[in-house]
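Novice: Sending over a structure as structure tokens; questions will come in a sec.
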Amino acid sequence: MKTLSRPAINKLLPSRLVTIIGLAAVLLLIPLKPCWGFLDMFTGSLTLEKERQIGEEFFLELQQVAPIIEDPFITSYFNRLGQKLVAQLGPQPFKYRFFIIDDPSMNAFAVPGGYVFVTTGMIRQTEREGELAGVLAHEISHVYARHMAKQLEKAKIANAASLVGALAAVFLGGGALAQPLMVGSMAAGASAMLKYSREFEREADSLGFKWMMKAGYNPRDMISIFQKMGRQRWFEGGEIPIYLSTHPDVNSRIVDLSHQMSHYQNSLPVGNNSPDYQYFSISVEALCGNPHQFFRRMTQDGAREPQNAAFPYGRALALSRLERSDDAIAAFKEALKLSPGNYLIQRDLAIHYFNRNRYLEAQPLLNELSQRHPQDDVILYYLGRIYQERRQTDQALPLFEKVHQLNPTFSAVYYNLGTLYGEKGQLGLAHYYLGFHSLKVKALPTALFHFHKSLQNLPPQDPRYAEVKRQVARLEKMRVRVQN
């Protein structure tokens, strides 16, 4: 998997290796070709547990070929937005997880089990938070209404490989990302049975409209992003954006949404758009685009709006990517003069200091920010990293645990938790987190090793014990093997 992040992420792993990793390294690990036993045949209805497993296996396969963005700020903001919408649904059988794929196409999709994906191409078409919320609300609604699960029940795909390939063919359009996941004509043929019906699309629009209203967003933003997709078809010479091929009939859906809006004309929210959105979109551009071109654009935009702190902030991100550290710091400070106390700018300045091993400058900033924003997982993570580098385990551990609680998709923290618990001799928890880290990096035999060790060391009454047993059973059904 191609992992994308700011230069910060390249330095996330501690330089020291704890004994627990060394034990894993001496094993002879032999992965065998996966065979998902639980999906050999669909008989009867598709249970919620099977939906969870389908989503998990699809993500496991997808992350091997898709460039999933792991930048802390980007993933944190995106997760908070998604969870804000999920909070409107009431109790759910799934934990919804939100991921960004670095791909220029306009695409977004959700698979059973609560896995929601949006491409950077789609994000770069949005102009405000409400438009991105509109895309997420629609995709969340497909999961909520179990649309894909119902299609899978009808298709009765015979095996897991075909299922994963069929989902890839539907949602990725047969392009470069989909090809490694497809298994020839079987997946392509099955995919025709999985595409959403017009009825399902309209239901997802109507439900998404409802979640947006409850979350304080004006549903006209859902209409505006759909309109952009329709226009994009003309800009691209008649080619249908992937999103329109998987979510068809957008023109009639816009009409339906407009009619729905007319019934709420006097009660529509003004629009709950966070000021963080502009910094989020600039961060996406800084991460995915050419840093020289991005620097020029931020300079030009700053000349047009000299009082907007977001543009020197953008220049700072570009300069950081170009390894012009002193110039980046100067740009961060210029942005702070325009927006004193802006925690997003202060946070990225602190991260910049951290990545240059300037802990004496980073820690006071992070300490002060953590007091003002105790729920910000990015601030807590980097503060924990400083404590970890200084071998202050008891200070670092609760910060990393809170990061994991706030943002389960912040996967870099698994390694930090695993190594620190290993240093403290709490092997059940050490192997638990290192198992999930191994899943993230696609080292399935290593993951199975850690989960076995976790079972040996965790007491059965521990709330994580049942999850470890489930992971062991899942990996063994995939015929993953660990040989001593």
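Novice: Could you tell me how many of the residues in segment 317-343 are under 19 Å from F295 (Cβ atoms), assigned to a helix (DSSP H, G or I) and either among the β-branched types (V, I, T) or within 26 Å of the chain's Cα centre (by Cα) (or both)?
Specialist: Final tally of qualifying residues: 6.
Novice: Looking at segment 272-290, which of its residues are buried (at least 16 other Cβ atoms within 10 Å of the Cβ) and not aliphatic (A, V, I, L, M)? Spell out the reasoning first.
Specialist: Step one: filter segment 272-290 for residues buried (at least 16 other Cβ atoms within 10 Å of the Cβ), giving 273-274, 276-289.
Of everything in segment 272-290, those that are buried (at least 16 other Cβ atoms within 10 Å of the Cβ) and not aliphatic (A, V, I, L, M) turn out to be N273, S274, D276, Y277, Q278, Y279, F280, S281, S283, E285, C288, G289.
Novice: To continue, here is another question. Just checking, does segment 348-355 include any residue being buried (at least 22 other Cβ atoms within 10 Å of the Cβ), at pLDDT 95 or above and under 14 Å from Y77 (Cβ atoms)?
Specialist: Checked segment 348-355: at least one residue is buried (at least 22 other Cβ atoms within 10 Å of the Cβ), at pLDDT 95 or above and under 14 Å from Y77 (Cβ atoms).
Novice: OK, next. Does segment 86-100 include one or more residues that are crowded, with 22+ Cβ neighbours inside 10 Å, under 15 Å from the mean Cα position of the chain (by Cα), on the phi < 0 side of the Ramachandran plot and in a helix (DSSP H, G or I)?
Specialist: Checked against the condition, which is being crowded, with 22+ Cβ neighbours inside 10 Å, under 15 Å from the mean Cα position of the chain (by Cα), on the phi < 0 side of the Ramachandran plot and in a helix (DSSP H, G or I), segment 86-100 yields at least one hit.
Novice: Q265 versus (1) touching a helix residue (DSSP H, G or I) at 6+ places or on another chain (Cβ under 9 Å); (2) surrounded by fewer than 18 Cβ atoms within 10 Å (Cβ to Cβ): which is the lone unmet condition?
Specialist: (1)
Novice: Of the residues D301, D276, D256, D249, which is charged (D, E, K, R) and at pLDDT 95 or above?
Specialist: On the way: D276 fails: at pLDDT 95 or above; D256 fails: at pLDDT 95 or above; D249 fails: at pLDDT 95 or above.
The match here is D301.
Novice: Looking at segment 408-440, which of its residues are in a helix (DSSP H, G or I) and polar (S, T, N, Q)?
Specialist: N416, T419, S438
Novice: Of all residues being of a type in the set (V, I, T) and in a helix (DSSP H, G or I) in segment 247-287, which is nearest to the chain's Cα centre (by Cα)? Just the residue, please. Before the answer, list the steps.
Specialist: Quick first cut of segment 247-287, residues of a type in the set (V, I, T) only: 250, 254-255, 270, 282, 284.
Filter once more, so that each one left must be in a helix (DSSP H, G or I): 250, 254-255, 282, 284.
On the way: V250: 26, I254: 28, V255: 31, I282: 17, V284: 13 Å.
That would be V284.
Novice: Within segment 413-420, is even one residue closer than 18 Å to F59 by Cβ, in contact with a strand residue (DSSP E or B) (Cβ under 9 Å, 6 or more places away or on another chain), crowded, with 18+ Cβ neighbours inside 10 Å and in the same structural domain as R391 (by TED's automatic domain parsing)?
Specialist: No.
The values are calculated or read from the model by the stated rules, or taken from the named source; none is laboratory data. Computed from a prediction, not measured in an experiment: that's the story for all the values here. Counting neighbours? That spans all protein chains shown, and the Cβs are built from the backbone with ideal geometry, glycine included.
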